[in-house]
Amino acid sequence: MAGFSSQKRMQWNHVTTHSLNSKSSVPVINCNLITFEPMPVSASPAPLLGDRLCENGFECVKILPATNDAHGGVIVDLKEPLHSEVFATLLRSSLLHWKQQGKDGVWIKFPIELVNLVETAVKEGFWYHHAEPNYLMLVYWIPKTDCTIPPNASHCVAVGAIVLNDNKEVLVVLEKKGGFHGIGVWKIPTGVVDAGEEIFEAAIREVKEETGIDTEFVELLAFRHTHNSFFGKSGLSFICMLRPLSFDIKKQELEIEAAQWMPFEEFADQPFNQMHEPFKYMIELCLAKVEKVYNGFSPRPISSYFVEELNYLYLNSHCLDKSS
């Protein structure tokens, strides 16, 4: 920095380090030296580097507002509309700033209203991470090291509900859609677990939706792990046993062709169930449970240091209670 003494350079470096830790700030760049001016990002279009000088002789460049994540990266949650050229300038100056801060991963959340900015980010080296109905998440890795950003969710979680009444009849359905449609197989109610939903809650909900039957969760009997089942994702399917609290069936019109209480032996003897091992094991587990020679897993509410709300641990409570 021409004209500055060593003491002055040290003072400027001190200001730069202090400013990098400030919030809601704007980088001021000259001769590879960065400091900041407080300025709201949405105040005016960001200038290109070299476009103008501030009054103090330093070049003013705004950056995107971001919050630090727990793993050395930053998260940008875009809210306001931006022109793609303005966004490109903000993004480049932000990446320079975060690089000098020693940040690792960058997450940018694009609401669906700002989809016009996605191409700009991709051209700067960002890639898709995941999408939800109202946003798209893109990521970028700054260091010259192997990327440690975790991949998108790898599994789809589903439940199957065995509902057995006191007459040893099982609640079964014929589906209008899906892999079981048109093959004449009576199957137990099944479905996908929603985000934020417990496994036992999903089992109760799916039975209610498909058949109109109210139930009480008994135990989780087993689970199955499959791969390449849904757009290349893996799957976890949990087989649950439930107790009926009502008995009058009101089938769902959209997905269910028919529903009934079927004698368990008749359900088990279906050729399809005898030919496919997962269904054979499910029937054996159900019989073992009825004969009280098999104990599954029941949900037990627990607290955690990391989350405020209660969550559930599935365990063999019979053996645990006997040993305690």
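The values are calculated or read from the model by the stated rules, or taken from the named source; none is laboratory data. This is a predicted model, so every value here is computed, not measured. Neighbour counts run over all protein chains shown; Cβ positions are idealised from the backbone, glycine included. Please note that ligands, DNA and RNA were not included when accessible areas were found on the heavy atoms of the full protein model with its side chains. Shrake-Rupley method; radii C 1.70, N 1.55, O 1.52, S 1.80 Å.
Key figures
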| quantity | calculated |
| --- | --- |
| Some residue of region 234-251 being in a loop (DSSP other than H, G, I, E, B), surrounded by fewer than 16 Cβ atoms within 10 Å (Cβ to Cβ), modelled with pLDDT under 95 and small (Gly, Ala, Ser) | no |
| Where a residue in region 78-95 is without any contact (Cβ under 8 Å) to a residue 40 or more places away in the chain and its partner, wherever it lies, is among the acidic types (Asp, Glu) and part of a loop (DSSP other than H, G, I, E, B), with Cβ under 6 Å and at least six apart | Leu91/Glu124 |
| Single match in Val122, Val139, Val118 (criterion: in a strand (DSSP E or B), within 23 Å of the chain's Cα centre (by Cα) and among the aliphatic types (A, V, I, L, M)) | Val139 |
| Residue list for region 188-238, restricted to those being farther than 25 Å from Gln270 by Cβ and of a type in the set (Ser, Thr, Tyr) | Ser234 |
| Filter result for the condition that a residue is within 25 Å of Pro150 (Cβ to Cβ), of a type in the set (Val, Ile, Thr) and open to solvent by 10 Å² or more (accessible area, probe 1.4 Å), over Val115, Val106 | Val115 |
| Hey, Val74 touching a residue at least 12 places away in the same chain (Cβ under 8 Å) and under 21 Å from Pro150 (Cβ atoms) or not | yes |
| Residue match in region 105-120 (condition: more than 20 Å from Tyr135 (Cβ to Cβ) and touching a residue at least 12 places away in the same chain (Cβ under 8 Å)) | no |
| Residue tally, condition assigned to a loop (DSSP other than H, G, I, E, B) and under 15 Å from Gln260 (Cα atoms), over region 177-191 | 5 |
| Test: residue in region 194-208 that is at pLDDT 95 or above, within 18 Å of Ile283 (Cβ to Cβ) and open to solvent by 30 Å² or more (accessible area, probe 1.4 Å) | no |
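Quick grid of which residues meet (1) modelled with pLDDT of 95 or more; (2) open to solvent by 20 Å² or more (accessible area, probe 1.4 Å):
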{"residue": "Glu266", "(1), (2)": "yes, yes"}
{"residue": "Gln274", "(1), (2)": "no, yes"}
{"residue": "Pro278", "(1), (2)": "no, yes"}
{"residue": "Ile283", "(1), (2)": "no, no"}
{"residue": "Lys292", "(1), (2)": "no, yes"}
